[in-house]
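The values are calculated or read from the model by the stated rules, or taken from the named source; none is laboratory data. The structure presented is a predicted model; accordingly, all values stated were derived computationally and were not measured. Quick reminder, even Gly has a Cβ in these numbers, built from the backbone with ideal geometry, and neighbours come from all protein chains shown. Just the protein is used for accessible areas: all its heavy atoms, side chains included, with ligands, DNA and RNA removed. Shrake-Rupley method; radii C 1.70, N 1.55, O 1.52, S 1.80 Å.
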Amino acid sequence: MDLGKLIQLSALLCPFLLSLHFRIAGASAHIYSSQPFHDVGNSLLLYGGSEGIFASSRSLIRFENITLWRTITGKGHRSNGLVQAVIFEASDRNNIGGSAYGGQRSICCTPDLAKLQGCKQGEIIRIPSPHDPQWPILLPVRFKGKRSSAKMADTEILITKTGIYNLLFISCDPQLKGLKMTGKTVWKNPDGYLPGRMAPLVNFYVYMSLAYLLLSAVWFFQYLRFRMDILPLQHCITAVILLGLLEMIFWYLDYANFNHTGMRPLALTTWVVTIGALRKTVSRILILCVSMGFGVVKSTLGGLTSKVLLVGVTYFIASEILDIAEHVGIIDDMSGRSKLFLVLPDAFLDAFLILWIFTSLSKTLEQLQMKRTSVKLEIYRKFSNALAVMVVASVAWIVYEVYFKATDPFNERWQTAWTITAFWDVIAFLLLCIICYLWTPSQNSQRYAYSGDVDEENEEAQSLTGGKQDGDISLVKQEKNAESDREEDVEEDKRE
């Protein structure tokens, strides 16, 4: 059996077992809590982990308290069973195992392979790497006599070549069926404990925090300056900006703490994941409400309020579960099949929201054209164009992400994998900047607010005079606007 398939099979089994419970990640550590070995080909195999590591005198993989446990039978143990830990760089994956006469590939040396390749029967077939003859590295552990356990000596393996490294624990002894293992391995990069694929995100979240901080400063300056003319929509935008700023800051603190101390507290990671899920939910509901014309062509959502809230709560729960599964206590990337069950509800809700947003946006543009409100119509046209560009960019990136993962089954492009996560934060920030620009607080904010059946001339006059009128005429118009508002809500509820 090809080693690449073995790694993929092992990667599928391990996250499934880990998904049964969440745990605190101690350093960039892979913890083995009585993990069982599985029959793979002619061997017993336990997947130990996979991470990208940058070459340095400070980069290492450390084995701590690795203990193997075999099943005790009535006859006792007569075999000095051998178990080997195998560390190899992804490009050397074909240097483990071999095949006799072009047949099925085996990890363990068979009688035929012993004659052909000179390997030792009952041990792993290892072909020296052309880059470094000492790699792949094999670390043996043997059971002695009738003992039910065998402990590996604590050791450190220095990493002198940048790459994606894999760790497997393999036994070629069939008498060790039912073998289990406890202990942990710690994987360290030059600048700390953060896994290589996650390391660039520390600086990324610094820059994103500064970007949100700048946006917050500009927005709150305008917000306080024209606080008497603030629209309900602008309150929602303020909330999204604050949530985005908090999310970026907390992601940075989580990653920096993980990198520096080697510990990733469950509470901190869960908190930042929850803020992120809340920010994504509020952002989507904000865009939906804007597309429906809330505060612009209607003062309330009417009967749609409960539906919008239901979709928002459902999306928050789906996003929270997915993010917790991806980030809380997990070091290895989740397997495609394990992640699929969590991604599908989130993707379905996103697709549903996009369809609802563009359907509502089309109706709002139609209403604005009928009312001949050129100022609002121009803003909504710009918003719809920007939203369309973002959706097209998102679809294109999804296609690229699928291609990226499909053509890199062994994560050899791990150094650029951080861009997959970073893109969605960048595009969300850009769309928020566009919304802030279109609905920035100003002395003419009331031009964008719902004003009933005001014709084009009155709207332009309001924009020139700051949107204020004198005397009882203003009160009469407000009453007419309120009546018109209620009639429009009733009509739209009937259509829905």
(message) Please report the accessible area of Phe358 (heavy atoms, 1.4 Å probe, ligands and nucleic acids excluded) in Å², nearest 10.
(response) 70
(message) Could you sort Ser57, Ser171, Ser33 by their accessible area in this structure, using a 1.4 Å probe and putting the largest first?
(response) Ser57, Ser33, Ser171
(message) Can you tally the net charge around Thr274? Count Lys and Arg as +1, Asp and Glu as -1, for every other residue whose Cβ sits under 13 Å from the Cβ of Thr274.
(response) -2
(request) Run the 1.4 Å probe and let me know the accessible area of Leu309, rounded to the nearest 10 Å². (result) 110
